[in-house]
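Okay, structure first, notes after.
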Amino acid sequence: MRGFLFLWRMIWGVLWRVTAVGALVLAGAVFFFYAKLPPLDDLLDGRARGSVTLLDRDGQVFAWRGETFGSNLTADSVSPHLVNAVVATEDKRFFWHLGVSPRGIISAIRINLAEGRRPFEGNGGSTITQQVAKLLCLGVAYDSAQWKTEAAYESDCRSGGMWRKIKEVPYAMAMEVKYSKKDILTIYFNRAYLGAGARGFEAASQRYFGKSAADVTPAEAAMLAGLLKAPSTYAPTSSMKRARDRAAVVIGLMHDQGYLTDAEAQDALDHPAELSHAAKQNTGGFFADWVMETTPDYLARDTTEDVTIETTLDQKLQAKAEEALAWVFENKVKAGSKAQAAVVVMSADGAVRAMVGGRDKPMAGDFNRATQALRQTGSAFKPFIYAVAMDLGYSPLDYVDDSPWSIYVPGSGTYAPKNYDGKFKGVITLTQALAESRNIPAVKIQELVGRDLVKKVATEFGVATNLADGPALALGASESTLIDMTGAYAGILNGGSSVTPYGLVALKLKGEDTALFGQGGGIGERVITETASHALIYMMTQVIEKGTGTRARLDGREAAGKTGTTNSARDAWFVGFTADYVVGVWIGYDDNTPLTGVTGGGLPAEIWHEVMVRINEGVEPKPLPKEIPASRFSPTPEGFAPPAGTVNPNDFVQPEEVPYFDGSNPQKPGMTEDDLAEQILRDVLGQGN
């Protein structure tokens with residue numbers, strides 16, 4: 001008995017001394033962290049960068065970039081339902097513990113071990129106070145030299161492990177001493193990440209429901225609180241079903257803990273939270289990325305302030321453009337096709353109204369085929385050749401000889417262009433040459449007016465900055481982006497002045513009226529005369545009326561445009577305009593695989609037609625500005641004389657009468673444009689392009 005008492009005294013003596021030492025160490029650690037904790041207001045907005053809110057042309061929010069911070073809300077200013085939902089879900093003993101919950105930690109360890117994980121991996125048993133400690137990274141500030149991104153920093157802060165858990169305990173207890181329970185909740189409500197770029201419950205409530213966190217209903221509070229478990233997974237913009245299923249669990253917890261009566265809980269289940277109109281739209285992602293890319297980094301991607309960008313986007317037109325593209329691929333293309341497409345809608349001054357950078361809904365930063373894909377333009381380049389001819393004084397009714405022809409290129413030898421159909425039409429008007437996209441006349445006219453002048457005009461219109469040097473320039477051997485090509489055609493529509501496509505109208509600090517940065521584009525310098533542009537517009541109307549673009553024809557509305565198909569059919573284009581809108585369409589594969597059975601007059605024209613029909617609903621038809629000026633050149637025995645020192649004048653003749661269009665398609669003699677288009681669609685449906 002004496003031996004047992006002696007042993008007990010030894011054990012007890014060791015235990016109380018160890019406990020005392022442990023208590024002193026803990027107290028010292030608590031005091032250490034207490035002394036380092038800053039004032040409450042310094043902890044509410046923990047972002048290293050600001051946010052960008054993008055507004056459409058009507059002032060409605062359509063996208064956010066960065067992490068949006070709502071405001072410095074408090075536990076007293078938010079809806080009581082939100083406080084109850086968070087406490088019921090995350091830490092039902094929050095108001096009674098001292099920052100840690102031994103019961104919760106033991107339970108978490110048991111669950112982790114049962115599921116084959118290490119003790120502190122997976123479930124952490126963390127209290128709200130401990131979660132706030134993680135949000136504050138246990139007092140460790142972000143250092144760009146140690147962490148490449150904020151995401152890496154936060155991931156490291158929230159990682160598990162025994163040492164971090166041990167450190168969390170005194171830090172959480174120090175917070176309990178330094179701040180009140182409501183203060184800790186206030187930090188939590190402001191710093192928690194809740195998906196879709198929303199930092200804090202005010203930002204999340206505005207993002208998802210279009211209202212303040214002070215006004216949320218029990219159902220909305222439950223959905224917001226449910227995001228804490230896995231923000232990206234349960235974000236209602238990602239999956240409304242998952243968000244509602246998680247909210248139902250939270251409602252059950254609120255009911256079980258007495259925060260909701262039977263009737264209130266049932267009402268919340270019967271009337272689940274709904275997304276706001278802005279959150280439902282989920283359009284304009286490619287456009288938003290483009291605006292961010294074309295805005296100085298210090299005001300957009302790297303901004304340290306919260307800013308608002310007013311843009312040119314029309315959400316209704318955006319939705320219609322997306323619907324039109326989806327409809328064509330669903331109804332006219334074989335299922336499973338991997339072909340991609342892009343669409344740009346803009347006004348004649350370069351204001352972009354809609355942008356589709358690919359067939360799928362984008363994630364922020366996805367590859368944008370409308371602005372980032374440099375592709376050969378094919379025959380969509382040809383209008384700029386004829387623009388030069390019209391500007392020099394030629395008439396749409398002047399003639400060119402579509403016959404076999406070649407030109408010697410120093411350093412390369414003889415260049416002999418071929419027509420797409422391998423045929424020759426003989427003497428035809430310039431209008432017919434463009435309408436039928438004849439290659440030989442295009443090269444002849446380019447060489448007649450001067451290759452350098454063609455390059456100058458195309459560059460000033462904004463087609464590209466690195467144009468091909470040889471005669472193949474005329475056939476679209478150079479590369480450009482869809483947005484630049486659409487902007488160049490807008491220059492033709494507006495009377496011959498260059499256009500810089502733009503989406504940003506004004507950039508302001510959030511809550512302020514003075515713009516820090518104004519409109520980023522618009523109409524620039526004149527490139528060709530107004531008369532020349534109107535003559536070219538006439539020629540381009542005939543592409544749609546009688547040429548390769550008849551599939552784009554609009555009932556009761558004048559339209560002009562041009563098809564384009566590159567070598568091996570790797571790219572297919574249709575770019576054109578009505579009096580109100582310019583629309584560009586591109587189709588191709590990301591890996592440059594050739595398309596099968598697709599030309600610019602097929603699927604691109606179909607998509608262009610669908611887009612135009614939808615965006616012009618309710619818009620009064622207006623005539624296009626077009627005219628057919630007389631030629632400035634006097635007739636000679638050989639025909640209209642070109643400038644001296646250029647190609648053979650006999651290539652440009654004026655016979656007494658040349659039929660404009662014989663009704664058959666130049667690509668397949670005897671087959672009409674409609675017949676050819678139907679054949680192409682059958683080919684596409686059969687081969688999956």
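Is the stretch 444-464 home to any residue that is more than 29 Å from Gly524 (Cβ to Cβ) and either in contact with a strand residue (DSSP E or B) (Cβ under 9 Å, 6 or more places away or on another chain) or modelled with pLDDT under 95 (or both)?
At the first step, the residues of the stretch 444-464 found to be more than 29 Å from Gly524 (Cβ to Cβ) are 444.
From what's left, either in contact with a strand residue (DSSP E or B) (Cβ under 9 Å, 6 or more places away or on another chain) or modelled with pLDDT under 95 (or both): 444.
Checked against the condition, which is being more than 29 Å from Gly524 (Cβ to Cβ) and either in contact with a strand residue (DSSP E or B) (Cβ under 9 Å, 6 or more places away or on another chain) or modelled with pLDDT under 95 (or both), the stretch 444-464 yields at least one hit.
Within the stretch 198-218, being of a type in the set (D, E, K, R), surrounded by fewer than 24 Cβ atoms within 10 Å (Cβ to Cβ) and farther than 17 Å from Pro80 by Cβ holds for one residue alone: Arg199.
Residues in the stretch 468-489 that are among the hydrophobic types (A, V, I, L, M, F, W, C) and modelled with pLDDT under 90: Ala468, Ala477. Among residues that are surrounded by 24 or more Cβ atoms within 10 Å (Cβ to Cβ), at pLDDT below 95 and part of a helix (DSSP H, G or I), Ile492 is not included. Within the stretch 582-610, the set of residues being of a type in the set (Val, Ile, Thr) and under 20 Å from the mean Cα position of the chain (by Cα) comprises Val582, Val583, Val585, Ile587, Ile607.
The residue that is modelled with the lowest pLDDT, among those in the stretch 215-236 that are among the small types (Gly, Ala, Ser) and part of a helix (DSSP H, G or I), is Ser232. Checked against (1) under 26 Å from the mean Cα position of the chain (by Cα); (2) at pLDDT 90 or above; (3) outside any strand (DSSP E or B), Ala535 meets all criteria but (1). Residue-level analysis places Ser239 among those that are within 27 Å of the chain's Cα centre (by Cα) and modelled with pLDDT of 85 or more. For Val527, the requirement of being farther than 24 Å from Gly59 by Cβ, out of contact with any Cys (no Cβ under 6 Å at 6 or more places or on another chain) and in contact (Cβ under 8 Å) with a residue 12 or more places away in the chain is met. Restricting attention to the stretch 161-197 and to residues that are surrounded by fewer than 23 Cβ atoms within 10 Å (Cβ to Cβ) and of a type in the set (Ser, Thr, Tyr), the residue that is nearest to Ser238 (Cα to Cα) turns out to be Tyr193. Of all the residues in the stretch 414-461, those that are outside any helix (DSSP H, G or I), aromatic (Phe, Trp, Tyr) and touching a residue at least 60 places away in the same chain (Cβ under 8 Å) number 1. Looking only at the stretch 530-546, how many residues end up being buried (at least 18 other Cβ atoms within 10 Å of the Cβ) and either out of contact with any Leu (no Cβ under 9 Å at 6 or more places or on another chain) or without any contact (Cβ under 8 Å) to a residue 40 or more places away in the chain (or both)? Looking only at that region, the number is 3. Looking only at residues of the stretch 108-142 that are out of contact with any Asp or Glu (no Cβ under 8 Å at 6 or more places or on another chain), at pLDDT 65 or above and not in a loop (DSSP other than H, G, I, E, B), we find that the one that is farthest from Lys182 (Cα to Cα) is Arg110.
Just one of the listed residues (Ala225, Ala288) is in contact (Cβ under 8 Å) with a residue 60 or more places away in the chain, surrounded by 14 or more Cβ atoms within 10 Å (Cβ to Cβ) and over 30 Å from Ala506 (Cβ atoms), and it is Ala225.
With respect to Ala324, determine if the residue is touching a Ser or Thr at 6+ places or on another chain (Cβ under 9 Å) and more than 30 Å from Lys510 (Cα to Cα). It would help to see each step written out before you state the result.
Details: touching a Ser or Thr at 6+ places or on another chain (Cβ under 9 Å): no; more than 30 Å from Lys510 (Cα to Cα): yes.
So Ala324 does not fit the description; no.
Residue selection: Gly547 fails the criterion of being touching a Gly at 6+ places or on another chain (Cβ under 7 Å) and more than 18 Å from Met346 (Cα to Cα). Condition check for Ile407 on (1) of a type outside the set (Ser, Thr, Tyr); (2) at pLDDT below 90; (3) within 27 Å of Gly602 (Cα to Cα): one failure, at (3).
Checking the stated criteria, Lys508 turns out to be over 30 Å from Ala416 (Cβ atoms), modelled with pLDDT of 90 or more and basic (Lys, Arg).
The values are calculated or read from the model by the stated rules, or taken from the named source; none is laboratory data. All figures in this text were calculated on a predicted structure; none of them were measured in a lab. Counting neighbours? That spans all protein chains shown, and the Cβs are built from the backbone with ideal geometry, glycine included.
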